[in-house]
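These notes concern the structure reproduced below.
Coordinate-derived values only; no laboratory data. Keep in mind the model is a prediction, meaning the values are calculated, not measured. When we count neighbours, we look across all protein chains shown, and the Cβ atoms used for this are built from the backbone with ideal geometry, even at glycine.
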Amino acid sequence: MRKPITKVSVIGLGYIGLPTAAMFASRKIEVVGVDVNAHTVDTINRGEIHIIEPDLDMVVSAAVTKGYLRAVTVPEPADAFLIAVPTPFTGDDHAPDLSYIHAACTAIAPVLKRGDLVILESTSPVGATEAMAGWLAEARRDLSFPQQAGEDADIRIAHCPERVLPGKVMQELISNDRVIGGMTPRCSAKAAALYKLFVTGDCVIASGPRAAEMAKLTENSFRDVNIAFANELSLICDELDINVWELIALANRHPRVNILQPGPGVGGHCIAVDPWFIVSSAPAVSPLIQAARGVNSAKPEWVLEQIKAALGAHLAAHPAKSASEVEIAVYGLTFKPDIDDLRESPALEIAKELAQWHAGPLAVVEPNIEALPTSLNAARLVPFAEAARADIHVMLVDHQMFKGSTRPQGEIVDTRGIWETPPAIYSFVDRRLAG
Ligand code: SAJ
């Protein structure tokens, strides 16, 4: 009989690792978080957090105070190790960079012992879990691994991709179904039993780690392709003089159509990255996924062209003015609504370009940050009301604060359909029609 898991170690205390560590600790499991960044470790050990995520601060503070969670820079023995480190891509060919996973393996290998479970949570290209098992086996020739000994292995290995939405991590960690891709059925069973300590969703057992890896990549690629469709429609509608938000609302009345919303591009560190892992594994047979990436990454440039056209229209209507006298206001900088995360944000990319070429004043409304990034030194962070006096208004992020606001005077570039409101769509049983 193998002994139950009483101590969990989470490697990488970022947007996924820290909430996961805190969740186990909240279930009274001893959790040791490991991070290479000493500042992160010190912050957590004070019961504080270094990232913004609703409710995370409370859970971390309680877990640290009660002694269930602590952070270290060097791994120590545990019963289960969850690896939640970044998996970016490198260079123009978008090849996945597994160096953080490799470094995590090097760090935990010395403390692994018979009976331990190692789970890769990082979103990874197909084959990464097997590569991880290979690196661990190389480092610990005294232990056996599933690729060598199957169910009799000393170490159990699984891929259980994180699938939580930034901004809702603490809810979705609990309620989302969890995909479990063990290297053997017992690896899956052990991983599922671990997650069942706090997951109320189903633990869905995949045939193996490759299917689990591909499932996660597929989820984000599905969303990317759907957003690309909406973004392409926005370009088509602009040429055909149709309101794209009205069009999508109409088409979505079909019971089997559910088009997502266009925007200034796709940001964040997941949806704009993960499709490339599929493409780099199977480049010749993934033209649709590649095209979607192309459409979404070209959208910020198209928005900039719209802003230039709006500037041209304003100057044509005010011949006595020069461009340096035209004030442009941008609304929103974050990569999606109601968060403070600027990473890979198309809105920020557009604002930075604008700051470079526009000769006149640039006002930025972003209620979720305290100061502008240095790349926007030339701009001013202003309250929402103050931006109303600008000549050109560029809506980039559909923050709650902007929704329902009155369309300002002046030229409008609305990438989110906040002011370009579609006409109301009445149902057939509308009283006036029925009467
Ligand atoms: N976006 C649009 N139109 C839409 C929806 C989104 O333009 O209709 C844009 C957003 O503005 C943003 C980008 O897409 O710039 C991504 O935002 P998101 O909310 O779609 O997704 P993320 O990146 O915050 O989180 C995704 C989630 N994946 C799916 O919904 C399939 C999350 O569940 C994953 O765990 C996460 O990626 C991840 O870590 O992989």
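Remarks
- Among the trypsin sites (Lys or Arg not before Pro) found in region 227-320, those both in a DSSP coil and sparsely packed, with 10 or fewer other Cβ atoms within 10 Å of their Cβ, are R253, R256.
- Sorting D414, D340 from the fewest to the most surrounding beta carbons within 10 angstrom yields D340, D414.
- Where Rh is the Kirkwood radius over Cα pairs, Rg/Rh for region 7-207: 0.94
- Structure note, pairs K66/K336; K66/K196; K113/K216; K216/K403: Cα-Cα distances above 26 angstrom occur for K66/K336; K113/K216; K216/K403.
- In terms of Cα atoms, the Rg and Dmax of region 1-83 work out to 11.7, 42 Å.
- Computed FRET value (nearest 0.05) for A103 with D338, which takes r as the C-beta separation and R₀ as 51 Å: 0.90
- Computed log10 I(q)/I(0) for region 307-351 at 0.19, 0.28, 0.33 Å⁻¹: -0.66, -0.93, -1.15, from the Debye equation with unit scatterers placed on every C-alpha and solvent omitted.
- Hydrodynamic estimate: the Kirkwood radius of region 141-182 over Cα pairs, inserted into Stokes-Einstein at 20 °C and 1.002 mPa s, corresponds to D of 173 µm²/s.
- Of the beta bridges in the chain, as assigned by DSSP with both residues counted there, near 10 percent are antiparallel.
- Among 234-244, 383-393, the order from most to least packed when residues are scored by Cβ within 10 Å on average: 383-393, 234-244
- Centroid-to-centroid separation of region 188-207 and region 308-366 [C-alpha atoms, Å]: 47 Å
- Candidates K168, K190, K321: whichever shows maximal mean-square fluctuation once the chain is modelled as a Gaussian network with Cα springs under 10 Å: K321
- Membrane-span-like helices in the chain (whole DSSP H runs, Cα extent of at least 20 Å along the helix axis, mean Kyte-Doolittle hydropathy of at least -1.0): 209-240, 287-317.
- Local electrostatic count at A139 - Lys and Arg +1, Asp and Glu -1, tallied over other residues with Cβ under 14 Å: -1
- Each Cα pair of the chain feeds into the Kirkwood radius, which the Stokes-Einstein equation turns, at 10 °C and 1.306 mPa s, into a diffusion coefficient of 66 µm²/s.
- Whole-number percent relative contact order across region 7-207, with pairs defined as alpha carbons under 8 Å at least 6 apart: 17 percent
- Between L381 and A323, the distance separating the two model label sites (each 7 Å from Cα on the Cα→Cβ line) works out to 2.8 nm.
- Restricting region 43-109 to trypsin sites (Lys or Arg not before Pro) in coil, as DSSP defines it, with at most 16 other Cβ within 10 Å: R46, K66
- Helix-only mean residue ellipticity at 222 nm for the chain, each DSSP H run of n ≥ 4 adding -39500 (n - 2.57), per residue, nearest 500: -12000 deg cm²/dmol
- Label sites at R389 and H254, each approximated as a point 7 angstrom past Cα along Cα to Cβ, lie 4.9 nm apart.
- A Förster radius of 30 Å, combined with the Cβ-Cβ distance separating A215 from W419, puts the computed FRET efficiency at roughly 0.20.
- The smallest convex shape that holds all Cα atoms of region 114-163, its convex hull, gives 73 Å³ per residue.
- Rg and Dmax of region 254-414, Cα atoms only, in Å: 17.3, 57
- Simple label model, 7 Å out from Cα along Cβ direction - Q147 to M58, nm: 4.4 nm
- Fully extended contour minus Cα-Cα distance, from Q400 to N226, at 0.36 nm per residue: 60.3 nm
- Between K168 and A284, full extension at 0.36 nm per residue minus the direct alpha carbon distance yields a gain of 38.2 nm.
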